[in-house]
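The values are calculated or read from the model by the stated rules, or taken from the named source; none is laboratory data. Being a predicted model, the structure only gives us computed values, none of them experimental. Methodologically, a virtual Cβ is constructed for each residue, glycine included, from the backbone with ideal geometry; neighbour enumeration extends over all protein chains shown. Side chains included, ligands, DNA and RNA excluded: accessible areas come from the protein's heavy atoms. Shrake-Rupley method; radii C 1.70, N 1.55, O 1.52, S 1.80 Å.
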Amino acid sequence: MVRVVFGVLGPTVAAVDGGGALALKGPRHRAVLARLIVARRRVVPVARLVEDLWVDPPPGAVGAVQTFVGALRRVLEPERPPRAPARLLVTDGPGYALRTGPDTVDAWRFETALASAAGLPAPKALATLEEALGLWRGPAYAEFADEDWSRGERARLAELRLQAVERRAEAHLALGRPADAVPDLDAHLTDHPWREDAWRLLALALYRQHRQGDALAVLRRAREVLVNQLGVDPGPHLRHLESAILTHSPTLDPRPAGAPQHDPAPPDIPPPPHPPRGARNRALTSDPPPPNNPPPPTTPPPTTADLWTRAAKAYNRTVAKGTRARLEHTVGLIRNLAVTGGEGLAEARHHRTAAITAAEEFADPELTARVIGAYDVPAIWTRADDPAAAEQIVTVAERTLAALPTGPHDTARCRLLATVALETRGATGPRGPEAAREAEALARRLDDPALLAFALNGRFMQSFTRAGLAPQRDAIGAELVELAARHGLVTYEVLVRLQARAALADFAAADTHAATADRLAERHELPLVGVFTDWYGALRLSATGQPARAETACRAAAARLDGAGMPGLERGLLPLALLCLRLTHGLPPDPDPRADWGPHRPWAEPFTLIAEGRHTEARTALRALPEPPHDLLYEAYSALEAEAALRLDDRTVLERARTRLRPAAAELAGAGSGLLTLGPVERYLTD
């Protein structure tokens, strides 16, 4: 009897055991097969298959599923006689099940091998793990990365694969082959920098090659990544290992032959009974003290400023100028600088473009991709602070995408696509949304939380193609906040849901998000967050009928914008907010024609002309208005257009504004910005 085997560690395939692949026809046939494999021999009801295969099932969906199953049966059991019961893809009660053996699916064999390796001696464990990892042809269920039914299983298998890579490194160490562990761990940490155990194993492998300085440098790099990218301190495993390396603890020496495969985690490495004073702090610099030569007991511990100065001097002394490493490390510093406040943000923008230009001079697209993609600073506002720089970055990113060689560069491609999505925010045209979708799909396949957060931020920035998309942005924000909270990605945890919940007039939820954002900002020293929560406070006062207090709050929030390093947000915002506030509460608009309205002037111009009694010119200006930019002020501009058209009795423009605003009928106009509002959209539709 022919034995059929299945592969899901990559694209879904079926093959004759020891023979060729079977033709599975179209994507829905493969989806049915993959869905049944996910169920692990359990029955999947037909109704569930219909829900999983179609977002909006067609009238003949049940019949289509039956057709797919029939076609699969003919491929999987070509010799089955007509009307004979199926042996593999069986009908059982309300649905179908794939009753295949536990050793016929590569994912199941991988799990079995990983479990069995734990009890084997190191040589056999290494061989077993190598064979298990060799089963992977790509991300699990690769072509179904966006399907809800595959998401949990894909995440589980991806985690097991990461464990297998780390267990293989442990086996190399147990066999006294630390040099074999280093390359794999380096590559592993490039894509998964939050894996503390991988940092531990890499440092230990380097130490066992008599590379104490490199081992300590790895631990410093681990600290930088964990603190700067994830907002968490290294755990006790890494801290204890650092102490053990500094004191050359004998517990770090290789185990004798025949010892258990696993290297004990550093909790089993006791700290020295009397550690040299200051050794803990010196481990953070590039100049670890010579062994057995501690500083005098009276030496005071270095201050934070001292540590920074020492590290900078050591870096300048040891890392050659003009190297790729120095450029990449500089980009990491620029990224961190961007969240320190107004001056830091402005400096980061300037140095970022210089770093990208320098990267291109190496004529190495992989390096350029890393330099561009390392700047994964979360974006909240949908207008670029430096449009010319944004255009330059997009041009280089697109050029780099085209130049990247084929091969394992999905992480770099994802970061480049997310960058394109972020830097084209507020623009019209299909490229931004397209790049956002591609980045998100790649990030989900790669199962990298930090990468997915970056991609979701890009998708959020491209979710302003029309009015009424606050529910969609809220869903993106909900996933982003949950992902960030679960993985310690603090800078992604703030603000995005505040805007969407404000647009939906859910102030209880928006208040909660604002309070959380302020709390995180205080704890993690993110001063720019308060700029946005102050503006939200003014919006909240306006929406709850307190115009006088709202105006005072607007002026206070605008004062805080001064020097915040966000000209794309700051310019013209105060006069626009005051105009919206007065229109919302039936007060005379009283627009100041001499004010710097910035990019908002076209939508304010009709009101300044009306105030001067120049109605013909006002009508001309009104009719000349372009479609609002696809950004956080789309509904606000549309409502201003409607209000001006109502005052000028211009029915043509009223109908144009009504068409734009109708999808947002349940929202507060402009509140999706988190900065201002013109009241319920329904009011303008009614008028």
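Observations on the structure shown:
- Test: residue in the stretch 645-660 that is farther than 16 Å from ASP687 by Cβ and not charged (D, E, K, R): no
- Any hit, the stretch 672-683, residues being open to solvent by 20 Å² or more (accessible area, probe 1.4 Å) and part of a helix (DSSP H, G or I): yes
- Looking across the stretch 615-634 at every residue that is charged (D, E, K, R) and modelled with pLDDT under 95, the one that is farthest from GLN462 (Cα to Cα) is identified as GLU627.
- Matching entry among ALA359, ALA379, ALA320 (being in a helix (DSSP H, G or I) and either modelled with pLDDT under 80 or not acidic (Asp, Glu) (or both)): ALA359
- Tally of residues being among the hydrophobic types (A, V, I, L, M, F, W, C) and in contact with a Phe, Trp or Tyr (Cβ under 7 Å, 6 or more places away or on another chain) across the stretch 101-149: 3
- Cβ-Cβ distances below 8 Å connect the following pairs, each with a first residue in the stretch 339-358 that is among the hydroxyl-bearing types (Ser, Thr, Tyr), a second residue that is surrounded by fewer than 17 Cβ atoms within 10 Å (Cβ to Cβ), and a separation of six or more residues or different chains: THR340/GLU525; THR340/PRO527; THR353/ALA389; THR353/GLN392.
- Figure legend. Inter-residue proximity from the stretch 6-28: first residues within 17 Å of ALA142 (Cα to Cα) and without any contact (Cβ under 8 Å) to a residue 60 or more places away in the chain, second residues aliphatic (A, V, I, L, M) and exposed (fewer than 14 other Cβ atoms within 10 Å of the Cβ), beta-carbon distance below 6 Å, spacing 6+ or different chains. Indicated pairs: VAL13/ALA21.
- Residue that is nearest to the chain's Cα centre (by Cα), among those in the stretch 229-249 that are open to solvent by 10 Å² or more (accessible area, probe 1.4 Å) and of a type in the set (Val, Ile, Thr): VAL232
- When the stretch 565-580 is filtered for residues that are open to solvent by less than 10 Å² (accessible area, probe 1.4 Å) and in contact with an Asp or Glu (Cβ under 7 Å, 6 or more places away or on another chain), only GLY572 remains.
- Where TRP603 falls short, out of the listed (1) open to solvent by 20 Å² or more (accessible area, probe 1.4 Å); (2) closer than 27 Å to ASP650 by Cβ: (1)
- Residue match in the stretch 649-662 (condition: open to solvent by less than 30 Å² (accessible area, probe 1.4 Å) and among the β-branched types (Val, Ile, Thr)): yes
- Residues being open to solvent by 20 Å² or more (accessible area, probe 1.4 Å), closer than 22 Å to ASP385 by Cβ and modelled with pLDDT of 90 or more - total across the stretch 426-476: 4
- Of the residues examined, ARG370 is one that is under 16 Å from the mean Cα position of the chain (by Cα), farther than 19 Å from ARG437 by Cα, surrounded by 16 or more Cβ atoms within 10 Å (Cβ to Cβ) and modelled with pLDDT of 90 or more.
- So THR395, is it modelled with pLDDT of 90 or more, part of a helix (DSSP H, G or I) and open to solvent by less than 10 Å² (accessible area, probe 1.4 Å): no
- Scanning the stretch 412-456 for residues that are in contact with a helix residue (DSSP H, G or I) (Cβ under 8 Å, 6 or more places away or on another chain) and among the β-branched types (Val, Ile, Thr) turns up THR419, VAL420, THR424.
- Considering each residue of the stretch 193-206 in turn, none proves to be surrounded by fewer than 17 Cβ atoms within 10 Å (Cβ to Cβ), of a type in the set (A, V, I, L, M, F, W, C) and within 29 Å of ALA369 (Cα to Cα).
- Just one of the numbered conditions (1) at pLDDT 90 or above; (2) surrounded by fewer than 24 Cβ atoms within 10 Å (Cβ to Cβ) is not true of ASP562: (1).
- Filtered residues of the stretch 207-216 (kept if open to solvent by 40 Å² or more (accessible area, probe 1.4 Å) and not in a helix (DSSP H, G or I)): GLN209, HIS210, ARG211
- Flag if ALA412 is in a helix (DSSP H, G or I), open to solvent by less than 50 Å² (accessible area, probe 1.4 Å) and closer than 18 Å to PRO193 by Cα: yes
- Considering the stretch 118-164, and only residues there that are outside any loop (DSSP other than H, G, I, E, B) and among the acidic types (Asp, Glu), the residue that is farthest from ASP184 (Cα to Cα) turns out to be ASP148.
- Evaluating LEU587 against the criteria (1) open to solvent by 30 Å² or more (accessible area, probe 1.4 Å); (2) closer than 20 Å to ALA669 by Cα; (3) in contact with a Ser or Thr (Cβ under 6 Å, 6 or more places away or on another chain) leaves one unmet condition, (3).
Residue-by-condition table, conditions (1) exposed (fewer than 14 other Cβ atoms within 10 Å of the Cβ); (2) within 20 Å of ASP103 (Cβ to Cβ):
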residue	(1), (2)
ALA31	no, no
ARG42	yes, yes
PHE68	no, no
PRO82	yes, no
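- Qualifying residue in the stretch 217-228 (condition: farther than 25 Å from ALA374 by Cβ and either modelled with pLDDT under 80 or open to solvent by less than 60 Å² (accessible area, probe 1.4 Å) (or both)): no
- Annotation: PRO85 fulfils all but one of (1) modelled with pLDDT of 90 or more; (2) in a loop (DSSP other than H, G, I, E, B); (3) over 37 Å from the mean Cα position of the chain (by Cα); the unmet one is (1).
- Qualifying residues in the stretch 84-95 (those that are open to solvent by 10 Å² or more (accessible area, probe 1.4 Å) and touching a strand residue (DSSP E or B) at 6+ places or on another chain (Cβ under 6 Å)) - the one nearest to LEU162 (Cα to Cα): VAL90
- Residues in the stretch 500-532 that are among the acidic types (Asp, Glu) and assigned to a loop (DSSP other than H, G, I, E, B): ASP506, GLU525.
- Of the candidates ALA508, ALA484, the single residue that is at pLDDT 90 or above, of a type in the set (A, V, I, L, M, F, W, C) and either within 25 Å of HIS192 (Cα to Cα) or surrounded by fewer than 24 Cβ atoms within 10 Å (Cβ to Cβ) (or both) is ALA508.
- Of residues in the stretch 100-137 being of a type outside the set (A, V, I, L, M, F, W, C), within 21 Å of ASP17 (Cβ to Cβ) and touching a Gly at 6+ places or on another chain (Cβ under 8 Å), the one surrounded by the most Cβ atoms within 10 Å (Cβ to Cβ): ASP106
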